[in-house]
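The values are calculated or read from the model by the stated rules, or taken from the named source; none is laboratory data. This is a predicted model, so every value here is computed, not measured. Here the Cβ is made from the backbone with ideal geometry for all residues, glycine too, and neighbour counts use every protein chain on show. Areas reflect the complete protein model, heavy atoms only, side chains present, ligands, DNA and RNA absent. Shrake-Rupley method; radii C 1.70, N 1.55, O 1.52, S 1.80 Å.
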Amino acid sequence: MNKSERIKRIFEVISQEGNASTKYLAELLGVSEATVRRDIVNLESDGEIPMRRVRGGVVFSLEKSGFEPMFDLKLSNMIEEKKKIARIALDQIDDGDSIFLDSGTTIYYLAKIMGSKKGIKAVVVDLKVAEELSKHPNIRTIVACGEVRSGYYSIGGNETVNFLKQFHVEKAFIATDGWNLTGTFNSSDFEVEIKRRMIDLSDKRYLLADHSKYGKNAFIKVADLGVFDFLITDMDLPMNIVESLNKIGIKILC
């Protein structure tokens, strides 16, 4: 693939997805990350395409609303906040629990530190999360079948929804692209039905969201806030929001 073909393909990817990591583009094009970075510089310098480089990749437009960063881009953002949330979530898991783990980087950081737990049965819908859990021999990891979302590693589709219906777990840990008092939201409809099934098929539901997710909505509503028992976040929320959450029965873990 020559330079002009690479640049055309890069443009196609970021215009369709809204963003892409350098690593993802390099693997897609079969070239080095250095080559991709040079191609991105050339695209950006042309000035005809509304895109900008960011740490680890490129976005179609920083003003473009509703796009969801690919896994590698999200992994490098809000790292300490996500790790804090992961540690709080870990404290909610008891030895012997059966759990659902959603897709996403916050859940990924939780999976990385679950080795101290024993007798856990975890049903997962994310290849990266499954990979981390597979490093812990004391955790039984069950990976859902279905379509893998390229660049995001989440698993979805009707096949996945039907697969999840055979389970009922004690706790579900759900990620979000944004939330406010009207509900939780997702940028893509790919994972929405998966999240809803996990919520329906669990006894306790935990919403994991760093402070940057508060006050935001996205392309599609996943659920009302009232379906969750706990909100795990990394910073104190405004008092009026805390009071509203308490009224609908959500406990805040911060």
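Numerical summary
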{"item": "From the options D236, D189, residue that is open to solvent by 80 Å² or more (accessible area, probe 1.4 Å) and more than 14 Å from the chain's Cα centre (by Cα)", "result": "D236"}
{"item": "Hey, K204 open to solvent by 40 Å² or more (accessible area, probe 1.4 Å), charged (D, E, K, R) and under 12 Å from the mean Cα position of the chain (by Cα) or not", "result": "no"}
{"item": "Residue count for region 1-34, restricted to those that are at pLDDT 85 or above, more than 14 Å from L73 (Cβ to Cβ) and more than 23 Å from the chain's Cα centre (by Cα)", "result": "6"}
{"item": "Selection count, region 145-154, where residues are closer than 28 Å to K118 by Cβ and in contact (Cβ under 8 Å) with a residue 40 or more places away in the chain", "result": "2"}
{"item": "Top-ranked residue in region 1-43 [being in contact (Cβ under 8 Å) with a residue 12 or more places away in the chain and either assigned to a loop (DSSP other than H, G, I, E, B) or in contact with a Lys or Arg (Cβ under 7 Å, 6 or more places away or on another chain) (or both); ranked as farthest from S187 (Cα to Cα)]", "result": "M1"}
{"item": "Test for K165: is it under 30 Å from V13 (Cα atoms) and at pLDDT 95 or above", "result": "no"}
{"item": "Options S134, S98: the member that is touching a strand residue (DSSP E or B) at 6+ places or on another chain (Cβ under 8 Å), farther than 25 Å from R196 by Cβ and either buried (at least 24 other Cβ atoms within 10 Å of the Cβ) or of a type in the set (S, T, N, Q) (or both)", "result": "S134"}
{"item": "Filtered residues of region 106-143 (kept if in contact (Cβ under 8 Å) with a residue 40 or more places away in the chain and not basic (K, R))", "result": "T106, I107, L110, V123, V125"}
{"item": "Qualifying residue in region 150-165 (condition: surrounded by fewer than 17 Cβ atoms within 10 Å (Cβ to Cβ) and within 21 Å of D72 (Cα to Cα))", "result": "yes"}
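Okay, residues lined up against (1) of a type in the set (G, A, S); (2) under 15 Å from the mean Cα position of the chain (by Cα):
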site: M198; (1), (2): no, yes
site: L208; (1), (2): no, yes
site: H211; (1), (2): no, yes
site: A223; (1), (2): yes, no
site: D229; (1), (2): no, no
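One line per residue, one yes/no per condition, for (1) more than 22 Å from D94 (Cβ to Cβ); (2) among the basic types (K, R):
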residue	(1), (2)
K165	yes, yes
F173	no, no
G178	yes, no
Y206	no, no
L231	no, no
D234	yes, no
I250	no, no
L253	no, no
